[in-house]
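What follows is calculated from the coordinates using simple rules that are stated; it is not laboratory data. Please read these numbers as outputs of a predicted model, since none were measured by experiment. A quick note on method: Cβ atoms are made from the backbone with ideal geometry, for glycine too, and the neighbour counts reach across all protein chains shown.
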Amino acid sequence: MSATGLVCDVRVRLGTLDLDVSLRAAPGELIVLVGPNGAGKSTLLRSLAGLLPIDAGRIALDDTVLDDPGQGAFVPAARRSVGVVFQNGLLFDHLSVVENVAFGLRSRKTSAREARRVAAGWLTRLGFDADAGVRPGQLSGGQIQRVALARALAFEPRLLLLDEPFAALDATTRVEVRRELRRHLDSIDAPKILVTHDPVEALAMADRLVVLEHGHVVQQGTADDVRARPRSLYAADLVGIHLLRGTARDGVVTLSDGREIVAATDGALSGTVLVTIHPRAIALHSRRPEGAARNVWSATVADVDDDGDRVRVRLGEPVPLVVEITRGGRSALALEAGSPVWVSLKASEITVQPD
Amino acid sequence: MTRPRQRRGAGNQPPLPAVVLGLIGLVVFFGLPLAGLLWRAPWSDVASVLRDPHARDALRVSLICSLSATGLSVLFGIPIAWLLARGRFPGLNAVRALATLPLVLPPVVGGVALFYAFGRRGLIGEWLSRWFGIQLPFTIWAAIIAETFVAMPFFIITVEGALRSLDTRYEEAAATFGARRWTIFRRVTVPMIAPSIAAGMALTWARALGEFGATITFAGNFPGKTQTLPLAIYLAFENNDPAGIVLSILLLAISIVVLAVVGSRVFANRAREAGG
């Protein structure tokens, strides 16, 4: 059995949902599945996990066929090697933390002692620092996510599914858990699919974004691919947010190309950071805007994309931003590919968080 | 979990007539009978009654039968409850009606029904007798069957309710972690409904302990064999024997202990289950 990753072609009708998705995930790849509520994200995960047989199509993982109604093949959830991190964790409240993590190993006939040893190892590796003998009811949101991830990884699944792993976390914990999660996921060789509808999570985590709407993949690619040409309103809104990495010092963020951005932070943040720039923070001008001293620079328009409703302007050096403007705005500024333009960013609409 | 405490304002105080009726109901139907029992209790005779071999036999038979009936109810009741809660087959409602019929059926009728099923001339009793030489009526087995018949529905409806309100996502999660059906049932489903199982057992045991009509009809009233505490109490009461009251108080004490020890904890858990 070779590790070829996940190849699936899923068709499911469920109520008003008509899911028809073809997806490949290479070993080690992290796909972030985004889409509005009811798009079929959870249904797709349930099909992959074996909780919902597909109506037509085929699911294969590392050359093993998991579901193929045409051939009458269906491997039930219990015999698939798929780890799932469920929304809200879904830890078993009647079992201790370490027993929760050992659950998958115990189900696979590992001895109790060995299972507990391996489970404890995963908990340590994932930075679970509380008493592993307690019941999950007493844990914080961040700890619950660590245990849920350890439980899904402990039996070394060949596919990892994460359903809105940050949904139940408060903002501070969310940032912390996301950083950790990305670090841990990088070391997992199995294909990984993460479902979210938080744009920042999606952009910060994804090797590849897959945008699902009304049961269909409307677009997939890297965040930059999708940003350059979003193929739906949802995708445009999602990637309208820019995420840049830089180094913060005294409220000033130095981007990788050396350009400095001033953000409205308390100045306490330092080190590597993620800068989130909302579309409404960016303004284009034909002349250098008056008053604003900082976060202003001149740029060249790389290209202009007019899809009839919205106009997207892609800027070249020094900071590659995509800006949405109205058609009226475009003619007022007389923007074409190659036009010079002044860019300003509103510091109050820029958020900075630790990376 | 914790519900917001209601302020005792003008809007949620019970109206006076309800308070008066409630108090009258409490006193007439619960308070007075209890007081009567305690008032007439021959406290000086308690020790001698409890040493009396007849009373001890009745207590022993009662404990054996009611505990066996509880055990049988758990053994058969969990699968039945599971079928009723999760089953998808035609006639499900008819099956539920059948399983809960003893709740509304007069126990004496139940006893008669059992007699014509398992009695010597009964539906299968005849074959039991002819092929295996087994005769159930008027044995302790008959008393156990009668008590199970009457009490098991309490267990079934309690557990069925818990299974219905159980979040099935936990069982699905267990499946993705490699657990087969039996493992899921044993390691996830049963532990998650454990408080309701305990509550159901307490109710079932209490009902079995107090069983009278079906037992006396199907199992008779043989001291040391099928005479349970309620039967002994009735007989003593008929004969103006003070042992009747002492044994009544014994049953009352057992009931209160069940209510206090099991009830409070179990019902608190169930409230939490329902709230969470």
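Odds and ends about this structure:
- Cα lying deepest toward the dipole's positive end in region B:96-235, options B:Pro102, B:Trp127, B:Leu203, charges on Cβ: B:Trp127
- Once C-alpha pairs closer than 8 Å and six or more residues apart are averaged by separation and normalised to the residue number of chain B, the relative contact order reads 29 percent.
- Between helix A:141-153 and chain A: long-axis angle, C-alpha atoms, 0 to 90°, nearest 10: 60
- Overall form of region A:135-177 per C-alpha gyration tensor (a/c, 1.5; a/b vs b/c): oblate
- Charged-residue dipole, Cβ positions (Lys, Arg, Asp, Glu), region A:284-355 about Cα centre, Debye nearest 20: 320
- Dimensions (Å) - chain B, Cα atoms, principal axes, largest first: 66, 61, 32
- Largest-first principal axis extents, alpha carbons of region A:94-216, Å: 44, 30, 26
- Full-extension gain in nm, B:Ala97 to B:Leu34, via 0.36 nm per residue minus C-alpha separation: 19.2 nm
- Farthest towards the positive end of the charge dipole of the protein assembly as shown, among the residues B:Ile145, A:Ala132, B:Gly77, is the Cα of B:Ile145, using unit charges on the Cβ of Lys, Arg, Asp and Glu.
- A:Thr300-A:Ser22 pseudo-label distance in nm [points 7 Å out on the Cα-to-Cβ vector]: 4.0
- Dividing the radius of gyration of the alpha carbons in the protein assembly as shown by their Kirkwood radius gives 1.15 for Rg/Rh.
- Among the trypsin sites (Lys or Arg not before Pro) within region A:1-86, not one is in coil by DSSP while having at most 13 neighbouring Cβ atoms inside 10 Å.
- If you wrap the tightest convex hull around every Cα atom of region B:112-230 and split its volume per residue, you get 135 Å³.
- Over all pairs of different C-alpha atoms in chain A, the reciprocal of the mean inverse distance, the Kirkwood hydrodynamic radius, equals 22.3 Å.
- Angle of helix A:171-186 to the longest C-alpha principal axis of chain A, folded into 0 to 90 degrees and rounded to 10: 70°.
- Global geometry of region A:1-130, whether rounded, prolate or oblate, following the gyration tensor of its Cα atoms and the 1.5 cut on a/c: prolate
- A:Glu213 long-range amide H proximity, modeled H, under 5 Å: A:Val218
- When A:Val65, A:Val275 are arranged by Cβ crowding within 10 Å, least crowded first, meaning fewest neighbours, the order is A:Val65, A:Val275.
- Segment B:Glu238-B:Ala18, length gained on full extension (0.36 nm per residue, minus Cα span): 75.3 nm
- The ranking of A:Tyr234, B:Tyr234 from fewest to most other beta carbons within 10 Å of each one's beta carbon is B:Tyr234, A:Tyr234.
- Using the rule -39500 (n - 2.57) for each DSSP H run of four or more residues, divided by the residues of chain A, the 222 nm mean residue ellipticity is -7500 deg cm²/dmol.
- Environment charge of A:Ala120, counting only residues whose C-beta is closer than 14 Å and scoring Lys/Arg +1, Asp/Glu -1: +3
- Paramagnetic label zone (point 7 Å from Cα along Cα-to-C-beta, A:Ala73; backbone N under 20 Å) in region A:23-40: A:23-27
- Coordinate range of the alpha-carbon atoms in region A:153-309 per principal axis, descending: 60, 44, 26 Å.
- Helix A:112-125 axis versus longest C-alpha principal axis of chain A: approximately 10°, rounded to the nearest ten.
- Helix-derived mean residue ellipticity, 222 nm - over chain B, DSSP H n ≥ 4, -39500 (n - 2.57), to 500: -21000 deg cm²/dmol
- Förster radius 51 Å - calculated FRET efficiency between A:Lys109 and A:Ser286 (Cβ-Cβ, nearest 0.05): 0.10
- Approximate spin-label separation A:Arg125-B:Arg60, in nm, with each point projected 7 Å along Cα-to-Cβ: 6.1
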